[in-house]
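The values are calculated or read from the model by the stated rules, or taken from the named source; none is laboratory data. It should be emphasised that the depicted structure is a prediction, and the values quoted were computed from it without experimental measurement. As a convention, Cβ positions derive from the backbone with ideal geometry for all residues, glycine included, and neighbour counts pool all protein chains shown.
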Amino acid sequence: MPRKSLIVIKHGFSETCDHNVSSIVSYGDVFRCTCLLEDFKGWHVTWVSATAAKDLLTGNHLIDQLLLADCPNQIPTGHLANRYDMVINLEKQKDWCGFAESLTADKKYGFKDWTHDGSECFYTDSTHALSNALHRDGYRTLQETLYKTIGREWIGQHYSLGYQPKIPKIYDIGLNNHVGPKWPTKIWANENWKELYNRLNQNYAVSWQQSLNSIRHYIDWLASCRLIITCDSLGLHLALALKNQVVALFGATPPEQIHMYGQGIKLTPTCQQQCVPCFQPRCEFDTKCIDSISVDMVLESVEMLIGQSQNITATEPQLNIDIPEEHTLVASHAANESFNTSYK
């Protein structure tokens, strides 16, 4: 009996629960949608995504066919089935909505035509879930919204990560201090990070974020840490997928949309600004709401998660993976060089 077939359209140029479309790929939003895959084990799954998201999805055992294309005409001829059992379109761009409409399928879910208003934007069975999420009618985890979008129940299905790092734990704590250019309002002030590092470094082996402009090496760095301190970014979701403990800082985006899988603590602003969360890339105030989260609050959360654990001896690890020499992670109590990253 032939397997059922599914095609997922998710690039990250638009975020599922945000109205805007951008030229910048939201890696975090792409990765979060992999929680859907667990429900389609046994199906033949095709995933269409942006070329920039390749390393997030390559090697995923739940994806049979990965098509990388930034616009529909980049999909090579002959790579699409004549019909699918299900289409899930999680992108709002006109060309991708048109692409989803052109596919023959028994069931279609997600965005249908973002140029229209109201229910015409969505496939019928997805209208309630997506309309509520986009109009901020109460906050749910994205996982719950995604499963309601396709008429199924979310019961804790986890993210699905293709690349599996084979790297030992080197650091007690990793400071995931960079945020991509799409959401500068998510950035916790640099002076807070520096103070946090100086205080943590007295008792723990601490590393600044090492992305090395490579998603796979970024995953290696996350895997080398026992606990990750991060803002709402790709690193948060990858750390959860890697089963790290996580302290997550929120400001412009709602913590209710993030499920921590029992692995961490969410910290929210202590300020009284009525606009929180604003979902805006720019802040109208001199001090961003996220900066009302104090260093002491973060330290208390760290102690709650790991307590006074024994420090890791600062030695160069013996890696079992083929990483170029300049990409090797080295444990050190001295501040490691931070690398710029565009990962949201």
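Restricting to the range 1-14, name every residue that is out of contact with any Asp or Glu (no Cβ under 6 Å at 6 or more places or on another chain) and not in a strand (DSSP E or B). Selection gives 1, 2, 3, 10, 13.
Tell me yes or no: at least one residue of the range 100-111 is under 26 Å from residue 254 (Cα atoms) and of a type outside the set (A, V, I, L, M, F, W, C). Scanning the range 100-111 turns up at least one residue that is under 26 Å from residue 254 (Cα atoms) and of a type outside the set (A, V, I, L, M, F, W, C). The residues listed here are 126, 131; of these, the one that is surrounded by fewer than 19 Cβ atoms within 10 Å (Cβ to Cβ), touching a Phe, Trp or Tyr at 6+ places or on another chain (Cβ under 8 Å), outside any loop (DSSP other than H, G, I, E, B) and in the same structural domain as residue 59 (by TED's automatic domain parsing) is 131.
Restricting the range 178-200 to residues that are under 27 Å from residue 168 (Cβ atoms) and at pLDDT 95 or above, the residue that is surrounded by the fewest Cβ atoms within 10 Å (Cβ to Cβ) is 198. Say whether the condition of being surrounded by 16 or more Cβ atoms within 10 Å (Cβ to Cβ) and at pLDDT below 95 is met by at least one residue in the range 292-304. Yes, the range 292-304 contains at least one residue that is surrounded by 16 or more Cβ atoms within 10 Å (Cβ to Cβ) and at pLDDT below 95.
A single member of 171, 204 is touching a strand residue (DSSP E or B) at 6+ places or on another chain (Cβ under 9 Å) and more than 18 Å from residue 235 (Cα to Cα), and it is 204.
The residues in the range 1-60 that are among the acidic types (Asp, Glu) and under 24 Å from residue 165 (Cβ atoms) can be counted, and the count is 3. Considering only residues that are closer than 21 Å to residue 232 by Cα, surrounded by fewer than 15 Cβ atoms within 10 Å (Cβ to Cβ) and basic (Lys, Arg), which ones fall in the range 134-163? Hit for the range 134-163 is 136, nothing else. Here residue 174 fulfils each of the conditions (1) over 19 Å from residue 306 (Cβ atoms); (2) buried (at least 20 other Cβ atoms within 10 Å of the Cβ) apart from (1). If I ask for residues that are surrounded by fewer than 23 Cβ atoms within 10 Å (Cβ to Cβ) and either at pLDDT below 95 or in contact with a Phe, Trp or Tyr (Cβ under 9 Å, 6 or more places away or on another chain) (or both), which ones from the range 228-252 would you list? Correct list: 241, 243. Residues that are assigned to a loop (DSSP other than H, G, I, E, B), at negative phi and touching a strand residue (DSSP E or B) at 6+ places or on another chain (Cβ under 9 Å): does the range 188-196 have at least one? Yes, the range 188-196 contains a residue that is assigned to a loop (DSSP other than H, G, I, E, B), at negative phi and touching a strand residue (DSSP E or B) at 6+ places or on another chain (Cβ under 9 Å). Do we find a residue being among the hydroxyl-bearing types (Ser, Thr, Tyr), more than 21 Å from the chain's Cα centre (by Cα), more than 16 Å from residue 18 (Cβ to Cβ) and modelled with pLDDT under 95 anywhere in the range 159-172? There is no residue in the range 159-172 that is among the hydroxyl-bearing types (Ser, Thr, Tyr), more than 21 Å from the chain's Cα centre (by Cα), more than 16 Å from residue 18 (Cβ to Cβ) and modelled with pLDDT under 95. In the set 55, 106, only one residue is under 30 Å from residue 211 (Cα atoms) and either free of Cβ contacts under 8 Å to residues at least 40 places away in the same chain or out of contact with any Asp or Glu (no Cβ under 8 Å at 6 or more places or on another chain) (or both); that residue is 55. Taken over the range 160-187, residues that are under 18 Å from residue 245 (Cβ atoms) and assigned to a loop (DSSP other than H, G, I, E, B) amount to 7.
Residue 154 passes every criterion in (1) among the aromatic types (Phe, Trp, Tyr); (2) assigned to a loop (DSSP other than H, G, I, E, B); (3) assigned by TED's automatic domain parsing to the domain that holds residue 54; (4) modelled with pLDDT of 90 or more apart from (3). Put simply, of 234, 242 the only residue that is closer than 20 Å to residue 157 by Cβ and in contact with a Pro (Cβ under 8 Å, 6 or more places away or on another chain) is 242.
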